[in-house]
Amino acid sequence: MLKDYFNGQANLIKLKSRLPSVIERDMGKGDKKTKRGKIANNSYGARRPKKIKRKPTVEEKIKIGKKK
């Protein structure tokens, strides 16, 4: 049983060395490509777009100016 455990660990280490990007990727605060990672890093991108600030139209400005 113990021998199988260590043999499995050796196979896992070999697999990690061949495919590091697939196995070792953390999907969370440290991952720059996820929304959570963007929030933690205070950055924006495709996963976390910035909110678009729109200018008020002329009609909206007129309505704001009229107070009853």
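Numerical summary
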| read-out | value |
| --- | --- |
| Unmet criterion (only one of (1) at pLDDT 65 or above; (2) assigned to a helix (DSSP H, G or I)) for MET27 | (2) |
| Pairs, first surrounded by 10 or more Cβ atoms within 10 Å (Cβ to Cβ) in region 47-65, second at pLDDT 90 or above and assigned to a loop (DSSP other than H, G, I, E, B), C-beta under 9 Å, six or more apart | ARG47/THR34; ARG48/THR34 |
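The values are calculated or read from the model by the stated rules, or taken from the named source; none is laboratory data. These numbers were taken from a predicted model, which means no experiment stands behind them. Backbone-built Cβ (ideal geometry, glycine too); neighbour counts: all protein chains shown.
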